[in-house]
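Here, each number is a calculation from the coordinates, and none is a lab measurement. The structure displayed is predicted, hence computed values, not measured ones. Here Cβ is always computed from backbone atoms with ideal geometry, including for glycine, and neighbour counts include all displayed protein chains.
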């Protein structure tokens, strides 16, 4: 399994949705997991991004499909980056 960092920014519509239905975040998380992506951590942020999610998935294609599905709804914009553990990066030394 591979790791990914997804930075999310809410659109105006997304902000209205979250304000009216804050539980929607957890509903979307369940939808993401049903697409084969595990959310290992998630934080709300202050600054240019609203949320950061650490994801675990089998491959880039799976994560790209999730990002496309979520972005197509018009409530968020995402930036997704592949990540690796320090052990992987340093060669397990």
Of the residues in the range 65-80, those that are touching a residue at least 24 places away in the same chain (Cβ under 8 Å) and under 11 Å from the mean Cα position of the chain (by Cα) come to 66, 67, 70, 76, 77, 78, 79, 80
| request: Considering every residue within the range 9-17, establish whether at least one is over 14 Å from the mean Cα position of the chain (by Cα), free of Cβ contacts under 8 Å to residues at least 40 places away in the same chain and surrounded by 12 or more Cβ atoms within 10 Å (Cβ to Cβ). | output: yes
The residue that is surrounded by the most Cβ atoms within 10 Å (Cβ to Cβ), considering only those in the range 32-47 that are touching a strand residue (DSSP E or B) at 6+ places or on another chain (Cβ under 7 Å) and farther than 15 Å from residue 2 by Cα, is 32
Flagged in the range 37-64 as assigned to a strand (DSSP E or B), touching a helix residue (DSSP H, G or I) at 6+ places or on another chain (Cβ under 9 Å) and touching a residue at least 40 places away in the same chain (Cβ under 8 Å), in numbering order, are 51, 53, 55, 57
